[in-house]
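Please read the structure below before turning to the comments.
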Amino acid sequence: MSTFNKIVESLALYADTKKDKKSLEKFFQVYSGGYGEGDKFIGVSVPNQRKISNQFFKETSPDDIQNLLNSEFHEHRLTSLLILVKQYQKSKKFEEREKIALLYLNNIDRVNGWDLVDSSAQHIVGPYVMETAKFDILDELAESNHLWKQRVSIIATFYLIRQGHYIHTLRISEKLVNHKHDLIHKAVGWMLREVGNRSLKDELPFLNKYAQTMPRTMLRYAIEKFEPELRDKYLTMGQRK
């Protein structure tokens, strides 16, 4: 039996096709007009997907990953990404890490959910662009006019933030500051907040420039951890539209 089939069968053992499936479909907006329209779930919790990814990551081949990414089921794709993250983190050779990163980037259309992005971009794309200095990858994704690629572009910078590099988050945030989608508002606001948690002097100039025009949700996320007086200042600025 192929590893792909082993993973699919293992996921099926944890599937709850009644309760979890319905709640997941509602949560991820798979209904008509929702951002997850058309996605399908079998009802497997993330902890159980992590358990399976830890069990099989050593034997999972690129072909197995490709087959999982091509699946119509959300949990198959997420498990494949959790495996890729594990493989990337455990790899000691740059050539192996690059193959994983390129497999990810070449299949980024299948990283088509905010949880898929958030579970993988900061652990694969972030360290890859840092190691190779190919930061233009982030710009290309941000400028793609593709929701999930754009979310990858900003969430990937979380790794860079943790390394003390904030300039890339601020640059990508500037490209996305007028985005129309709530999922980008939340992602950009979140990353700006992470910058501010470490260096207010880097976050505040961005807010001084854009607080009056940036989406309200983005602003609220960005200032969530501020002291009340400073938070109120920027909320007031955000009302002057």
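The values are calculated or read from the model by the stated rules, or taken from the named source; none is laboratory data. Values in this document were obtained by computation on a predicted structure and should not be read as measured data. Reconstructed Cβ throughout: ideal geometry from the backbone, glycine too, with neighbour counts over all protein chains shown.
Okay, here's what the table says:
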{"read-out": "Subset of segment 32-48 that is within 15 Å of GLU72 (Cα to Cα) and without any contact (Cβ under 8 Å) to a residue 40 or more places away in the chain - its residue that is surrounded by the most Cβ atoms within 10 Å (Cβ to Cβ)", "value": "VAL44"}
{"read-out": "Conditions (1) charged (D, E, K, R); (2) free of Cβ contacts under 8 Å to residues at least 12 places away in the same chain; (3) in contact with a Lys or Arg (Cβ under 8 Å, 6 or more places away or on another chain): number failed by ARG77", "value": "(2)"}
{"read-out": "Any hit, segment 64-71, residues being closer than 30 Å to LYS180 by Cα, in the same structural domain as LEU24 (by TED's automatic domain parsing) and either at pLDDT below 95 or in a helix (DSSP H, G or I) (or both)", "value": "yes"}
{"read-out": "Cβ pairs under 7 Å, 6+ apart, first in segment 132-158 and closer than 19 Å to ARG97 by Cβ, second part of a loop (DSSP other than H, G, I, E, B)", "value": "LEU138/ALA156; VAL152/VAL111"}
{"read-out": "Matching helices (runs of 4 or more DSSP H) fully within segment 124-241 where at least 1 residues are over 15 Å from the mean Cα position of the chain (by Cα) and either of a type outside the set (Ser, Thr, Tyr) or surrounded by 15 or more Cβ atoms within 10 Å (Cβ to Cβ) (or both)", "value": "136-142, 157-162, 167-176, 182-198, 200-210, 216-222, 228-238"}
{"read-out": "Which numbered condition LEU116 fails, given (1) buried (at least 20 other Cβ atoms within 10 Å of the Cβ); (2) on the phi > 0 side of the Ramachandran plot", "value": "(2)"}
{"read-out": "Residue under evaluation LEU103, criteria (1) of a type outside the set (D, E, K, R); (2) surrounded by fewer than 20 Cβ atoms within 10 Å (Cβ to Cβ); (3) not in a helix (DSSP H, G or I), criterion not met", "value": "(3)"}
